[in-house]
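Just below is one structure, and these are the notes that go with it.
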Amino acid sequence: MDITEFRKHAHDMVDWMSDYLSDIESYPVKSQVNPGEIISSLPTHAPENPESMEDIMADVKKTIMPGITHWQSPNFYAYFPANSSYPSILGEMLTATLGVQGMIWDTSPAATELEEVIMNWLKDMMGLPKDFYGVIQDTASTASLVAILTARERISEYQINAIGYFTNKYRIYCSTEAHSSIEKAVKIAGFGKEALVKIEVDNELKMSPGKLEEALKGDIMDGLIPCCVISAVGTTGTVAIDPIDLIGDICKRYNVWHHVDAAYAGTAMILEENRYMIKGIEKADSYVFNPHKWMFTNFDCSAYFVKDKEALVKTFEILPEYLKTNADSVVNNYRDWGIQLGRRFRSLKLWFVIRSMGVKGIREKIANHIQWAGELSELIKKDAHFKLHEPQNLGCVCFQLNEAIGENQEKRNSLAKNLMDSINQSGKLFMSHTKIKGEFTFRFVIGNTYVTRKHVMDSWTYIASEASKNLKNV
C-alpha cells in the first residue's frame, strides 16, 4: 500500500466508522454467535500473497462484525462501560499515525510533558490532593499491581528487588468485595494468594474498619508484617464505597501502604457533591481511576496517583547505558513509573476529550447518568417482580427478583438468570449480574457516552415487560 492508496482507504475507513456509529443501534448489543463460530469462518493459514483492502473490509463485515458485542451502543449496560467518544477516536487516530513510543522524554518530549499536564488537570478536576504525582497506566489492574509492588519494596527497604524474597510473612488486605485483580496482583507480586487477607463487609457491602484493625493486630501478634491495604471507592459488584477516611487512619497508625481503587467511581468526583466518597484521600498513598470507563476516553487509559514519587521510581528504575540521556535529571521518564518500558501516547486522546467537551460538558453527562439511575431505581421499587439493592450508588443499579417469586433462592436464581439471558439474547440491550449473599443480582450500569434518558426508560420498559411475560405463572 502506498501513500495514495492509504489516503483513499483512510477516507473510506472514516466513512465506515461514521456510518457504524450512526447506525450502532441497529446492531444487536450482545453478539449472537456461538463459541467457535468465528474461528470456523477464518482461514487456517495466513495468506501467501497480498490481499486487497476491499476484500479485507468485506470479511470484516461478513465475519468480524457478527462477533462484536457493541460496547458503544447506548443500550450497553453490562459490567462497567469502556467508553469512547468522537474526540477520543480522533485522538486515537492521531496517536496511531504518530506511532510514538514514549518511554523517555527524549523519545518524544510532547508525550511526556502533555501527560504531566493532563495528570495535573485531573487532580484539579477531581479535587485530589496537590501533593499527588500522576502517571497514566494501561488499566487499574496494572495500577494496583504497581501500588502493591511499591508497598512491598518500601516495607522491605527495597531488599526484595535486590535479593528476592527472604520471608513469607507479608500480608495484603482488601475486602471480600474487592476486584479479582487484587488477588491476581498479589500472586504476580510473589506474595502468594494465602497472603491476601479478605476483610468482612457490613450490610452495605463496605469494608469494616473494625474488622480490618482486628486483622492487622492479630497478624502483628502472630509475627506477620502488614504491607498494604486496598480499599475501594466503588466495588465492582455494587459500587459500595469503603470508608477510606477511617481506613486511612488505621493505615497511618500501623504504617501500612493504603491504595484506593476508584476505577469506575473516580470519574464521578468531577461533581463536588460526590467528593464525600473520597473524604480522607489525603491520607492515602496511592489512588487510581479509569478515564476509559466513564470519562468518554478510549480504552486503555488509567490515571494513577502516588504520594511518594521516589518510592515508585525506586521500585521500577533501571538505567541501562542505551537509555541514558542528557535530560534525565530534569524531566520525568515515565518508563520508571510502572511496569512497561514501552508506552503509548495515551494522554493525547484524553487531552482531546477534555478540551472538546470541557469540564462542564463532562460534568453534565456524569450528572445525567446518575440522575437517570436514580429514576430507574424508583421504577424498580414500584415493580412487583423486583426489589432494589440499596444503597444505590452513582450510575449502577442493582436489583433482584422479589422473594415472593420462587419458593427458594435456588429457584429465584434460576428464574433470574433465564430472564437475563433471554433479555440479552434479544439484542435490545445487554446487562450483567453479580451475586449478593448468594442471590442472583441484575447489574444495570448507566454510563455510555451516547445513552439518553429515553434509552434507559425504553430498556426498563422492555425488562419489565419480559418479567411480566416470563414470570406470570411463577
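The values are calculated or read from the model by the stated rules, or taken from the named source; none is laboratory data. Bear in mind that the values here come from a model prediction, so they are computed numbers and not experimental data. Methodologically, a virtual Cβ is constructed for each residue, glycine included, from the backbone with ideal geometry; neighbour enumeration extends over all protein chains shown.
Quickly run through segment 390-410 and pick out the residues that are among the polar types (S, T, N, Q) and either touching a residue at least 40 places away in the same chain (Cβ under 8 Å) or in a loop (DSSP other than H, G, I, E, B) (or both). Don't jump to the end; show me each part of the working.
Step one: of segment 390-410, the residues among the polar types (S, T, N, Q) are 392-393, 400, 402, 408-409.
Those that are among the polar types (S, T, N, Q) and either touching a residue at least 40 places away in the same chain (Cβ under 8 Å) or in a loop (DSSP other than H, G, I, E, B) (or both): Gln392, Asn393, Gln400, Asn402, Asn408.
Looking at Ile230, Ile220, which is the one that is exposed (fewer than 15 other Cβ atoms within 10 Å of the Cβ) and either in contact with a helix residue (DSSP H, G or I) (Cβ under 8 Å, 6 or more places away or on another chain) or among the β-branched types (Val, Ile, Thr) (or both)?
Details: Ile230 fails: exposed (fewer than 15 other Cβ atoms within 10 Å of the Cβ).
Within the list Ile230, Ile220, the selection yields Ile220.
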Review point. Can you find a residue in segment 281-298 that is surrounded by fewer than 15 Cβ atoms within 10 Å (Cβ to Cβ) and of a type outside the set (Ser, Thr, Tyr)?
Key: yes
Exercise for review: Give the residues of segment 202-245 that are closer than 12 Å to Cys174 by Cα, among the hydroxyl-bearing types (Ser, Thr, Tyr), in contact (Cβ under 8 Å) with a residue 40 or more places away in the chain and part of a loop (DSSP other than H, G, I, E, B), sorted by residue number.
Suggested key: Thr235
Exercise for review: Please indicate, with yes or no, whether at least one residue in segment 19-34 is on the phi > 0 side of the Ramachandran plot and surrounded by 15 or more Cβ atoms within 10 Å (Cβ to Cβ).
Suggested key: no
Check your understanding: Right, Lys381: modelled with pLDDT of 95 or more, under 30 Å from Val313 (Cβ atoms) and not aliphatic (A, V, I, L, M) or not?
Key -> no
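If I ask for residues that are among the polar types (S, T, N, Q), touching a helix residue (DSSP H, G or I) at 6+ places or on another chain (Cβ under 9 Å) and in a helix (DSSP H, G or I), which ones from segment 416-431 would you list? Lay out the reasoning, then the answer.
The initial filter retains those residues of segment 416-431 that are among the polar types (S, T, N, Q), namely 418, 422, 424-426.
Narrowing further to those that are touching a helix residue (DSSP H, G or I) at 6+ places or on another chain (Cβ under 9 Å): 418, 422, 426.
Asn418, Ser422, listed by residue number.
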Point to revise | Pairs where the first residue, in segment 411-431, is closer than 15 Å to Ala78 by Cα and the second is surrounded by fewer than 20 Cβ atoms within 10 Å (Cβ to Cβ) and of a type in the set (Phe, Trp, Tyr), C-beta under 6 Å, 6+ apart | key: Lys428/Tyr462
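Ile270: assigned by TED's automatic domain parsing to the domain that holds Asp124, at pLDDT 95 or above, within 14 Å of Met207 (Cα to Cα) and not acidic (Asp, Glu), yes or no? Give the steps one after another, and end with the answer.
Values: assigned by TED's automatic domain parsing to the domain that holds Asp124: yes; at pLDDT 95 or above: yes; within 14 Å of Met207 (Cα to Cα): no; not acidic (Asp, Glu): yes.
When the stated conditions are applied, Ile270 does not pass them.
What helices (runs of 4 or more DSSP H) completely inside segment 1-104 contain at least 3 residues that are touching a strand residue (DSSP E or B) at 6+ places or on another chain (Cβ under 6 Å) and assigned by TED's automatic domain parsing to the domain that holds Met420? Quick ask: steps written out before the conclusion?
Working: elements: 3-22, 37-41, 53-59, 86-98.
Filter on segment 1-104 gives an empty set.
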Revision key, fill the gap. For segment 307-329, pairs from a residue that is over 11 Å from Tyr133 (Cα atoms) and of a type in the set (A, V, I, L, M) to a residue that is at pLDDT 95 or above and surrounded by fewer than 10 Cβ atoms within 10 Å (Cβ to Cβ), with Cβ under 9 Å and 6 or more apart or across chains, are none
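So which residues in segment 432-465 are in a loop (DSSP other than H, G, I, E, B) and free of Cβ contacts under 8 Å to residues at least 24 places away in the same chain, if there are any at all? First the steps, then the outcome.
Going residue by residue through segment 432-465, those that are in a loop (DSSP other than H, G, I, E, B) are 437-438, 446-452.
Result: Lys437, single match.
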